[in-house]
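Student: Next up is a structure, given as structure tokens.
The values are calculated or read from the model by the stated rules, or taken from the named source; none is laboratory data. Being a predicted model, the structure only gives us computed values, none of them experimental. Cβ placement follows ideal geometry from the backbone for every residue including glycine, while neighbour counts extend to all protein chains displayed. When the accessible area is computed, the model is the full protein with side chains, heavy atoms only, and any ligands, DNA or RNA have been set aside. Shrake-Rupley method; radii C 1.70, N 1.55, O 1.52, S 1.80 Å.
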Amino acid sequence: MKKFLLLLGICSVSSAYAQGGMLIIQNFTTNYDFRGAIFASNNAGGCYPVVANQNPDAIVVPAGATAKYENYRDQYSSSAFPVTSWNVNLGPGSTVLPRLWSHPSLMPGGVISNNTKWSMSKFQMFHAGTSVPETYFNGNIGETAAPCSTVPNVINTAWGNAKWFTITAGTDVYTYLVIQ
């Protein structure tokens, strides 16, 4: 009975931390497409592992669109802008490991998924429907409370604004990147 309760406790703590909920990118602009990378990391200690969508493939969220990333696996079939491959960095100086969205370590309950939360984005806005960047509307944005990140959670420019924030509703966690 003690072993069962211990196992139940470990599982509940693990599932409570499992990837930190859904990431939602809302591009409310009408003039710009979002192009960027999203990152998740272990903010509970050590900063690693770090997971990012594979470069050079940026996530593109067109003007007026919304992208949702429930987790590394399910986003592939549920997101309008899915990520096929993720880069996983297990520690400083380690080799970056490309992992398909279906890799067991990235599935809900997998070792990487259980130890990461959405933490930041590096982005550049582009004029809608073109490959022309808006030079002054870009940056690194993310969770300011994350110990492994020193990026701001708000970017204000004359061309637009971006804000990163998290909402907790019961046991559900929603992380937003809102661009206006």
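Results for (1) within 15 Å of the chain's Cα centre (by Cα); (2) aliphatic (A, V, I, L, M), shown as yes or no for each residue.
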position	(1), (2)
GLU70	yes, no
ASP74	yes, no
ASN87	yes, no
LEU97	no, yes
PRO104	no, no
GLY109	no, no
SER113	yes, no
THR116	yes, no
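Student: Show the residue pairs meeting these rules: Cβ distance below 6 Å; 6+ apart or different chains; first residue within region 44-66 and more than 19 Å from PRO98 (Cα to Cα); second residue assigned to a loop (DSSP other than H, G, I, E, B) and open to solvent by less than 40 Å² (accessible area, probe 1.4 Å).
Tutor: The qualifying pairs are ALA63/THR29.
Student: Is region 17-31 home to any residue that is touching a helix residue (DSSP H, G or I) at 6+ places or on another chain (Cβ under 6 Å), of a type in the set (A, V, I, L, M) and over 29 Å from SER131 (Cα atoms)?
Tutor: Yes - at least one qualifying residue is present in region 17-31.
Student: Now for a different question. For region 118-144, give me each residue that is in contact (Cβ under 8 Å) with a residue 60 or more places away in the chain and either open to solvent by 80 Å² or more (accessible area, probe 1.4 Å) or in contact with a Gly (Cβ under 7 Å, 6 or more places away or on another chain) (or both).
Tutor: Hits for region 118-144 are TRP118, SER119, MET120, SER121, LYS122, PHE123, GLN124, MET125, PHE137.
Student: If you go through region 94-124, how many residues are in a loop (DSSP other than H, G, I, E, B) and either touching a helix residue (DSSP H, G or I) at 6+ places or on another chain (Cβ under 9 Å) or under 11 Å from PRO49 (Cα atoms) (or both)?
Tutor: Total satisfying the criteria: 11.
Student: If you don't mind, another one. For region 21-48, which residues satisfy the criterion of being closer than 15 Å to ASN138 by Cα and not in a strand (DSSP E or B)?
Tutor: Those that are closer than 15 Å to ASN138 by Cα and not in a strand (DSSP E or B): THR29, ASN31.
Student: Next question. Quickly run through region 145-179 and pick out the residues that are surrounded by 15 or more Cβ atoms within 10 Å (Cβ to Cβ), in contact (Cβ under 8 Å) with a residue 60 or more places away in the chain and not in a strand (DSSP E or B).
Tutor: ALA146, CYS148, SER149, GLY160
Student: Counting only residues that are open to solvent by 10 Å² or more (accessible area, probe 1.4 Å) and of a type in the set (Ser, Thr, Tyr), which one in region 42-80 is farthest from THR29 (Cα to Cα)?
Tutor: Only one residue fits best here, namely TYR48.
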